[in-house]
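J.: Got a structure for you, written out below as structure tokens; questions coming shortly.
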There are 2 protein chains.
Amino acid sequence: MDSTTTPIELDLTMDPADLTAALVDVESVSDHEGPLADAVETALRQLPHLEVHRDGDSIVARTNLGRDERVLLAGHLDTVPLPTVEGSLGTVPSVRRRESERDVIYGRGTTDMKGGVAVQLALANALTDPNRDITFVFYDHEEVASDASGLGRLMRNSPELLEADFAVLLEPTNGTVEGGCNGTMRFRITTAGKAAHSGRAWIGENAIHKQADVLARLAAYEPRTITVEGLDYREGLNAIRVGGGVAGNVIPDSAWVDINFRFAPDKTLQQAQDHVREVFKGYELDFQDLSPAARPGLDRPAAAQFVAAVGQEPMPKYGWTDVARFSEAGVPAVNFGPGDALLAHTDDEHVFDDAVRECYRALAEWLA
Amino acid sequence: MDSTTTPIELDLTMDPADLTAALVDVESVSDHEGPLADAVETALRQLPHLEVHRDGDSIVARTNLGRDERVLLAGHLDTVPLPTVEGSLGTVPSVRRRESERDVIYGRGTTDMKGGVAVQLALANALTDPNRDITFVFYDHEEVASDASGLGRLMRNSPELLEADFAVLLEPTNGTVEGGCNGTMRFRITTAGKAAHSGRAWIGENAIHKQADVLARLAAYEPRTITVEGLDYREGLNAIRVGGGVAGNVIPDSAWVDINFRFAPDKTLQQAQDHVREVFKGYELDFQDLSPAARPGLDRPAAAQFVAAVGQEPMPKYGWTDVARFSEAGVPAVNFGPGDALLAHTDDEHVFDDAVRECYRALAEWLA
């Protein structure tokens, strides 16, 4: 790093869409969040109503007004790498355009999730006297391996800083509230046989044939849709990989299938494991990956008022997101942010100016 | 190759066990059959009752006595590579030992199949006036890819030289007659689905789950035992490899299973294909390898007399061998040779002296 680099200054009084473009212009691919984290910290420290903490490249800023409720607004500072295809617009710096009568910002992170971070920063500046205490969390390393997550690190180092009654993660949801998330686990079922030359198959025992029953249970399984706090979570039980066999003339002595179970937040990890153990009774399940589900928390008063402020029917979240970390920590959480999640990580990542402004408006109305 | 290399001289009047050891001492791993083929050709050309032909490193020697029947005795000159484990006895040169009151020869090719070749050469020398015309075939490249086979080349180049009423392949059978062989084929059944993120499995279609029915048919299949000319051929239908899947979070859009069918010589290739098409009705079968079965030919008079001379109950051959090439060419063929086939290709390959002599005795009695 050049020691003469001028620190980046962020003007939090800007229109949230303009602020989004300014944030995109500070490249922050995972592992390079430093300059952006510095700029965010510097800007927040100028706000006297906030108490600011830093941990690595994560920043926590809190009001301490003694309100009855505390809500937490969280977003990550990092992005996936810049596109490698020449001419891609989803890169750095940002590009402002007008398309079909709408203003749009192209650039890496516009959707995932500097639009959301811009909303957080604009709210941090504007809400000097909010109706609830607010904790703003900006974290690093969300786009890489789960155990590198800055949010996970904050939860381990300073859990007290993240205590809240309700959390909103400003991941892109196209402006709707997506509550909780399904849990996910992977496990392997291995069948054993006895190798033999395939010309004398009766001496052996075919491990692949024994997978017939495992696959039949999968094919016959009827995945359920489970309603939790008014949201419908669709479950799924699927083989994702299968393998077995040694050579063209050998009866295989081993075969395996890897299975993924996506389960609704009515179940703990343990209950989900019990369920698949029941489905595959008689087999040993080798669990390889276990992520709990998250309840939407829409039964909390803060959440209900939030949903009312947004004014749209909440939806269930199917994919696993950091809301599950909050849920595990006892804080119900939802996703709510500007931009289309399907554009995340694409070469033409973009967000509409008015989507960022609308997200800001909804949160400001709820918290003002 | 050193141009001063002394040509190797073989004394065909030797005891067949001693001749076996002498043949083993001329290393002839596939692709290096030249020196041994030269020695065999030179020795045979000294016998006035034989007409000798050479094609590459294959040699055909024939009597032309105008007998009613002609039998063919065939063996390959090449061996698999020498063992790499230090101290292995199944190498070059040969080692003679006495174990449990029996004389034994260790060395690469003792079993597969220089013991058989020694018997052929000793018979070629001794049978100056056989009761049937005899064609001796010594060929190269048996231990490598099927299309490199010297026997296949001879059949293409000079089919007239290989015409016979009955053929004996001196592959190791522990001195019993193994008749014909099962056919073998491989085919793939691919199931197609529709890829989707595993968090939204209902949008996709799981190709692995569709293999459940294919594997169930395999698991339920009852392989038959079919009697052909008095020999019982056990069939087999087996998955040998299975695969499918893209990533840990993707519903797989393709899965496949490779299946091996070993079928008795009551069926042509076409009939065998029709059978598996019937078993897997509704699926497309992608055939990858097709080798026909061979009938044992034990209904021919020459064969019946041969079996009587050997004095043992003939057995079916399960593995695919070059007898199938003869069968395809219209010449019924059996395997009959000294040594245990299970020792072939092992690091301690060996053959008992008396097994070589007994094989010689049986053939000499039949043909003298």
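J.: Please turn the phi angles of the stretch B:193-206 into ³J(HN,Hα) values with the Karplus equation 6.51 cos²θ - 1.76 cosθ + 1.60 (θ = phi - 60°), one per residue in order, whole Hz, x for glycine and proline.
T.: x, 9, 5, 6, 5, 5, x, 10, 4, 5, 7, x, 8, 7
J.: Mind listing the long-range amide H neighbours of B:Leu73? Cut-off is under 5 Å, sequence gap 5 or more, other chains count too, H placed in the peptide plane at 1.01 Å from N.
T.: Under 5 Å from the amide H of B:Leu73 lie the amide H atoms of B:Thr135, B:Phe136, B:Val137, B:Val168, each far enough along the sequence or on another chain.
J.: How much of the DSSP beta bridge set in the stretch B:1-139 is antiparallel, as a percent to the nearest 5?
T.: Among the beta bridges of the stretch B:1-139, antiparallel pairing accounts for roughly 65 percent.
J.: Quote the relative contact order of the stretch B:183-291 in percent (integer), defining contacts as alpha-carbon pairs under 8 Å separated by 6+ residues. Walk me through the intermediate numbers first.
T.: Working: 215 pairs, mean separation 44.6, N = 109.
In percent, rounded to a whole number, it is 41.
J.: What list of ³J(HN,Hα) couplings, whole Hz, do you get for the stretch A:72-78 from phi and the Karplus terms 6.51, -1.76, 1.60, once you set θ to phi - 60° and write x for glycine and proline?
T.: Computed from phi, the couplings for the stretch A:72-78 are 10, 10, 10, x, 9, 8, 8 Hz.
J.: Rg(Cα) of the stretch A:232-368 divided by 2.2 N^0.38 Å?
T.: Values: Rg = 20.9 Å, N = 137, 2.2 N^0.38 = 14.3 Å.
Expressed relative to 2.2 N^0.38 Å, the Cα Rg reads 1.46.
J.: Still on this structure, please answer the following. With a Förster radius of 25 Å, plug the Cβ-Cβ distance of B:Leu342 and B:Asp299 into 1/(1 + (r/R0)^6) and report the FRET value to the nearest 0.05.
T.: 0.25
J.: Further question: For A:Ser146, go 7 angstrom from Cα along the Cα-to-Cβ vector, then report the distances to that same point in the other copies in nm, smallest first.
T.: 4.8
J.: Starting from 0 in steps of 10 Å, tell me what percent of the Cα-Cα pairs of chain A lands in each bin.
T.: 5, 22, 27, 20, 13, 8, 4, 1, 0
J.: Also: Nearest 0.05, what FRET efficiency do B:Asp147 and A:Ile203 give at R0 = 25 Å with Cβ-Cβ as r?
T.: With R0 = 25 Å, the Cβ-Cβ based efficiency is 0.25.
J.: Moving on to the next point. Between B:Gly179, B:Gly330, B:Gly248, find the one with the highest GNM mean-square fluctuation for chain B; connect C-alpha pairs within less than 10 Å.
T.: Between B:Gly179, B:Gly330, B:Gly248, it is B:Gly248 that shows the largest mean-square fluctuation.
J.: Per residue of B:248-261, how many C-beta atoms from partner chains lie within 10 Å of its own C-beta, taken as a mean?
T.: Whole-number average of other-chain Cβ neighbours for B:248-261 is 4.
J.: Amide H of A:Ile240: which non-local residues (sequence gap of 5 or more, or other chain) have their own amide H closer than 5 Å, using H built in the peptide plane?
T.: Amide H neighbours of A:Ile240, under 5 Å, 5+ apart: A:Asp258, A:Ile259, A:Asn260.
J.: Apply the Karplus curve 6.51 cos²θ - 1.76 cosθ + 1.60, θ = phi - 60°, to the phi angles in the stretch A:6-15 and return the couplings in whole Hz, x for Gly and Pro.
T.: 6, x, 7, 10, 10, 9, 6, 8, 5, 4
J.: Rg and Dmax in Å for the stretch B:57-129, alpha carbons only: what are they?
T.: Radius of gyration, then largest Cα-Cα span, for the stretch B:57-129: 16.2, 52 Å.
J.: Kindly provide the pair-distance distribution of the protein assembly as shown built from C-alpha pairs, with 10 Å bins from 0 and whole-percent values in order of increasing distance.
T.: The percentages, shortest bin first, are 3, 12, 17, 14, 11, 9, 9, 9, 8, 5, 2, 0.
J.: If R0 is 56 Å, what FRET efficiency do you get for A:Ser158 and A:Lys194 from their C-beta distance, rounded to 0.05? Mind showing how you got there, number by number?
T.: Numbers: r = 56 Å, r/R0 = 1.00.
Working from the Cβ atoms, E equals 0.50.
J.: Return the Rg/Rh value of the stretch A:183-291, two decimal places, where both radii are evaluated on C-alpha atoms and Rh is the Kirkwood radius. Display every interim value, and only then the final one.
T.: Numbers: Rg = 16.7 Å, Rh = 15.2 Å.
Expressed as Rg/Rh, it is 1.10.
J.: OK, next. Do the sum for the protein assembly as shown: with -39,500 (n - 2.57) for every DSSP H run of n ≥ 4, divided by all residues, what is the mean residue ellipticity at 222 nm, to the nearest 500 deg cm²/dmol?
T.: Value at 222 nm, helices only, nearest 500: -7500 deg cm²/dmol.
J.: While we're here: In nm, to one decimal, how far is the modelled label at B:Ala220 from the one at B:Gln312, with both set 7 Å along Cα→Cβ?
T.: 4.2
J.: So if I place +1 on the C-beta of Lys and Arg and -1 on the C-beta of Asp and Glu, and nothing else carries charge, what would the dipole magnitude of chain B be about its Cα centre? I want it in debye, nearest 20.
T.: Result for chain B is approximately 1500 debye, rounded to the nearest 20.
J.: At A:Ala368 and A:Glu9, where each label point lies 7 Å from the Cα along Cα→Cβ, what is the point-to-point distance in nanometres?
T.: Output for this residue pair reads 2.8 nm.
J.: At A:Arg67 and A:Thr128, where each label point lies 7 Å from the Cα along Cα→Cβ, what is the point-to-point distance in nanometres?
T.: 1.6
J.: Picking from B:Ala195, B:Ala341, B:Ala122, which is most flexible by a Gaussian network model of chain B using Cα springs under 10 Å?
T.: Largest GNM mean-square fluctuation: B:Ala195.
J.: Can I ask one more? Find how much the distance from A:Glu101 to A:Val85 grows on full extension, using 0.36 nm per residue of separation minus their present alpha carbon separation; answer in nm with one decimal. Show your work: numbers first, answer last.
T.: Values: separation 16, 0.36 × 16 = 5.76 nm, distance 2.74 nm.
Contour length minus the Cα-Cα distance gives 3.0 nm.
J.: What does the copy distance list look like for A:Ala304, label position 7 Å along Cα→Cβ, in nm and ordered from shortest?
T.: Taking the point 7 Å beyond Cα along Cα→Cβ, the inter-copy spacings are 9.9 nm.
J.: In the protein assembly as shown, what % of DSSP beta bridges are antiparallel (nearest 5)?
T.: Taking every DSSP beta bridge with both residues in the protein assembly as shown, the antiparallel ones total about 75 percent.
J.: Counting only C-alpha contacts under 8 Å and six or more residues apart, can you give the relative contact order of chain B as a whole percent?
T.: Once normalised by length, the contact order is 24 percent.
Every number here is computed from the coordinates shown, using simple stated rules; none is lab data. It should be emphasised that the depicted structure is a prediction, and the values quoted were computed from it without experimental measurement. Positions of Cβ are generated from backbone atoms using ideal geometry, with glycine treated the same way; all protein chains shown enter the neighbour counts.
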